[in-house]
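Beneath this line is the structure, given in structure tokens, with notes to follow.
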Amino acid sequence: MMERGTPLVTEMQVIPVAGRDSMLMTLSGAHAPFFTRNLVIIKDNAGHTGIGEIHGGDYTCEALESCIPLVVGQPIGMYRKILDNIHKASKKAKEDDGEGIQNLDISKLKFVVKAEWAIECALLDLLGQFLGVPMCELLAEGKQRDQVEVLGYLFYVSDKGKTDLPYLDERESADPWFRMRRNEMLAHEQIVEQACCLQEKYGFRNFKLKGGVFEGTYEMDTVRALKKQFPLGHINIDPNGAWSLAEAVGLCKGAQDILTYVEDPCGPEAGFSSREIMAEFKNATHLPVATNMIATNWRQFYHAAALKSVDIVLADPHFWGLEGSLRMAAILNDWGLTWGSHSNNHFDITLATFAHVAAAAPGHPTALDTHWIWQDGQDLLEDAPKIRNGYLEVPKGPGLGVRLDMKKVMEANKLYNSMPSHDRDDAAAMQYLIPGWKYDSKKPCLVR
Ligand code: GKR
Ligand code: MG
């Protein structure tokens, strides 16, 4: 036991893990049967365990491992100093050209993700346990709400039977959503059925359709079908910048009655950056615009704000850090803009973290993105927070307020170790559908 001050970190472990996914379609191709994440587990001499989760892959895993000497032996109360030391020690990778993900090149996602977010989370988990308060009380201005609105993230899903890849089959499940989520869903009616099934299970009132798969006109027809089914629901679409400015304006002008906001409708073109193009889109359509692609750091945000390119910044804590994401929430709220969070496939540790971060966000956040519905059931926690009536519960216990199930973690680690490659590759599955398929940031993935 420590004598005075806060407990000291005695151990930091980095455990890479993998989980199962459906053949979800996006601009970058088709999701593979497995997705990867990295877990950070930090122990202190008060006997507590803190946890954090971040994107997968060897690059991020190695970045985390290199931080261990800067974390072990330090008092948890010095977590800001620990993170500052990590920032000062970190070097920009040679291959990082600074482009970020404005073209959704997923090979660059690892440079946008901040590995130390998982360490920040684990240390705040420990500090909350030491102080006996939930993590959200330590963030920003403290807890603002008991539950956090989340949206139903709808995806077109391809027929896994067209591949020989080991996608999960849940047709025997007793749960109607689990039975549905591994099947092909490409038609408008099937996406509406997907949304109805999700509403039944999780109570969502808001939905986002992942676009960039078919021609924009087809995807907007899906949006219309969704709005018809849910006249009071908020419906959004995210084609990840696949549309040209002219196409995006043509598709969205006058669409205020069906779209609550549009996310990253267009990207860079004709020598103009995506921030300039999105500003022109907003001027032409007057639709609220969200992004997780054109403002992923403060320098990008400065230009996006100066050009008034966006109304809603989906400041994913995996990109911005917990504190950075909430600093963004405060600025947006002061400026009359809106905060939310983007997501990628994740486990329930991220889900719990999203709950705490969003619970502390000032103002009126937009319903949060989460891919969890596609992973639900693959819990690494004994007590994963629940989504009910469209809201994610905020764990009430001290720190993150959840307990890791080490048996499940080690199974997920075994799955990870059985994979020949740990990096996300959306082209491999796609090539079963379209031989020789290659990523093109301007062409929806099924349009070749
Ligand atoms: O899960 O394939 C996906 C998404 O397309 C993801 O890669 C994006 O980063 O969902 C994300 C987004 O909002 O752009
Ligand atoms: Mg997006």
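Overview of results
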| quantity | calculated |
| --- | --- |
| Top-ranked residue in the stretch 321-344 [being crowded, with 20+ Cβ neighbours inside 10 Å and over 23 Å from residue 118 (Cβ atoms); ranked as farthest from ligand 1 (Cβ to nearest atom)] | 332 |
| Qualifying residue in the stretch 302-318 (condition: under 14 Å from the mean Cα position of the chain (by Cα), within 28 Å of residue 225 (Cα to Cα) and modelled with pLDDT of 95 or more) | yes |
| Out of 199, 190, sole residue that is more than 15 Å from ligand 2 (Cβ to nearest atom), under 28 Å from residue 178 (Cβ atoms), free of Cβ contacts under 8 Å to residues at least 24 places away in the same chain and open to solvent by 10 Å² or more (accessible area, probe 1.4 Å) | 190 |
| Scan of the stretch 395-437 for residues that are farther than 23 Å from residue 103 by Cα, open to solvent by less than 40 Å² (accessible area, probe 1.4 Å) and not in a loop (DSSP other than H, G, I, E, B), ordered by number | 399, 404, 409, 412, 413, 416 |
| Only one of 446, 392 that is out of contact with any Gly (no Cβ under 9 Å at 6 or more places or on another chain), more than 20 Å from residue 175 (Cβ to Cβ) and either part of a helix (DSSP H, G or I) or open to solvent by less than 70 Å² (accessible area, probe 1.4 Å) (or both) | 446 |
| Top-ranked residue of the stretch 212-253 - restricted to ones that are over 24 Å from the mean Cα position of the chain (by Cα) and among the polar types (S, T, N, Q), ranked as farthest from ligand 2 (Cβ to nearest atom) | 229 |
| Spans of helices (runs of 4 or more DSSP H) in the stretch 33-135 with at least 2 residues within 30 Å of residue 158 (Cβ to Cβ) and open to solvent by 50 Å² or more (accessible area, probe 1.4 Å) | 58-71 |
| Search result, residues across the stretch 254-282 that are assigned to a strand (DSSP E or B), within 16 Å of ligand 2 (Cβ to nearest atom) and either open to solvent by 10 Å² or more (accessible area, probe 1.4 Å) or under 15 Å from residue 442 (Cβ atoms) (or both) | 266 |
| Given (1) part of a helix (DSSP H, G or I); (2) open to solvent by less than 10 Å² (accessible area, probe 1.4 Å), index of the condition residue 296 fails | (1) |
| Pair list, Cβ under 8 Å, 6 or more apart: the stretch 417-441 residue farther than 28 Å from residue 264 by Cα, other residue of a type in the set (Phe, Trp, Tyr) | 419/34 |
| Residue in the stretch 301-320 that is out of contact with any Lys or Arg (no Cβ under 8 Å at 6 or more places or on another chain), crowded, with 23+ Cβ neighbours inside 10 Å and polar (S, T, N, Q) present | no |
| Test: residue 379 is modelled with pLDDT under 95, open to solvent by 10 Å² or more (accessible area, probe 1.4 Å) and out of contact with any Leu (no Cβ under 9 Å at 6 or more places or on another chain) | no |
| Tally of residues being in a loop (DSSP other than H, G, I, E, B) and without any contact (Cβ under 8 Å) to a residue 40 or more places away in the chain across the stretch 140-163 | 0 |
| One residue from 215, 247 being touching a residue at least 60 places away in the same chain (Cβ under 8 Å), more than 16 Å from ligand 1 (Cβ to nearest atom), surrounded by fewer than 24 Cβ atoms within 10 Å (Cβ to Cβ) and not small (Gly, Ala, Ser) | 215 |
| Residue check, residue 440 under 21 Å from residue 36 (Cα atoms), assigned to a loop (DSSP other than H, G, I, E, B) and either at pLDDT 95 or above or open to solvent by 30 Å² or more (accessible area, probe 1.4 Å) (or both) | no |
| Selected residue (only one of 335, 339, 298 is hydrophobic (A, V, I, L, M, F, W, C), within 21 Å of the chain's Cα centre (by Cα) and away from ligand 2 (no atom under 16 Å from the Cβ)) | 298 |
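The values are calculated or read from the model by the stated rules, or taken from the named source; none is laboratory data. Keep in mind that this is a model prediction, so the values were computed, not measured. Glycine also receives a Cβ, built like all others from the backbone with ideal geometry; neighbour counts cover every protein chain displayed. Calculation scope for accessible area: heavy atoms of the full protein, side chains included, ligands and nucleic acids excluded. Shrake-Rupley method; radii C 1.70, N 1.55, O 1.52, S 1.80 Å.
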